[in-house]
1. Within region 146-185, what is the number of lysine pairs with alpha carbons under 12 Å apart, leaving out pairs fewer than eight places apart on the same chain?
2. Rolling a 1.4 angstrom probe over the protein heavy atoms, how many square angstrom per residue are accessible across the chain?
3. Taking amide H positions as placed in the peptide plane 1.01 Å from N, state which residues far from LYS55 in sequence (5 or more) or on other chains have amide H under 5 Å from it.
4. Rounded to the nearest 0.05, what FRET efficiency do GLN148 and ASN57 have when you use their Cβ-Cβ distance and R0 = 25 Å?
5. Considering the chain as a Gaussian network with a 10 Å cut-off on Cα pairs, which listed residue, GLU129, GLU117, GLU89, attains the greatest mean-square fluctuation?
6. With the calculation restricted to Cα positions, what are the radius of gyration and Dmax of the chain in angstrom?
7. Going by alpha carbons, how many degrees (0 to 90, nearest 10) lie between the helix axis of 60-81 and the longest principal axis of the chain?
8. Quick one: what does P(r) look like for region 97-168 with 10 Å bins over all Cα pairs, in whole %?
Amino acid sequence: MSRIGKMPVAIPSGVQISVSDTNLITVKGKLGELTQQVDPQITFKIEDNSLIIGKANDTQDANAKHGLYRSLVANMVKGVSEGFTIVQELVGVGYKASATGNLLELSLGFSHNVFIEMPQEVSVETLTERGKNPTITLKSHDKQLLGQVAAKIRSLRKPEPYKGKGIRFMGEVVKKKAGKSASDK
């Protein structure tokens, strides 16, 4: 049995969880509403402001999905109550970012600026301070969508290992290589 799957999911005040007959779980909170289709082998039971995830049978497939669906539901509950935030920084000379509504404009050293239209569920903010790298802050109640958008932005200019230029997550450490000039003669 999954150790993660055994842990109950605490339901904070203001969050409503409902499970339909077709195993569609819906979580509503102050930040939005999320739905997830769940495998029929997984069962849900609400007791004392917590959601307990169980298994209908003891097959290998049910054991594998037990912890998965517990984590997905826990992320949904946290998302609609608190939300998720990802911060990325642009490292490189002349790299700039600006946000207008749901449109993100990036200047990454290409011959043209790159425009990315954000989904409605994701809000974007940019910050440019003198002497610091520009940062992009992404916020959403949907963790999966937020990670997908952040990965798409990062894929435009991944951090390269020689100078460390590119788009990286805040706090990410990039191992630098020595390059040709550091070779022994």
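The values are calculated or read from the model by the stated rules, or taken from the named source; none is laboratory data. Being a predicted model, the structure only gives us computed values, none of them experimental. Reconstructed Cβ throughout: ideal geometry from the backbone, glycine too, with neighbour counts over all protein chains shown. Ligands, DNA and RNA are stripped out before the accessible areas are found, and what is left, the full protein with its side chains, is counted by its heavy atoms. Shrake-Rupley method; radii C 1.70, N 1.55, O 1.52, S 1.80 Å.
1. The number of close lysine pairs in region 146-185 is 5.
2. 63
3. It is THR43, by chain and number.
4. 0.15
5. GLU129
6. 21.4, 73
7. The angle comes out at about 70 degrees.
8. Over region 97-168, the share of Cα pairs per 10 Å bin runs 18, 52, 27, 3 percent.
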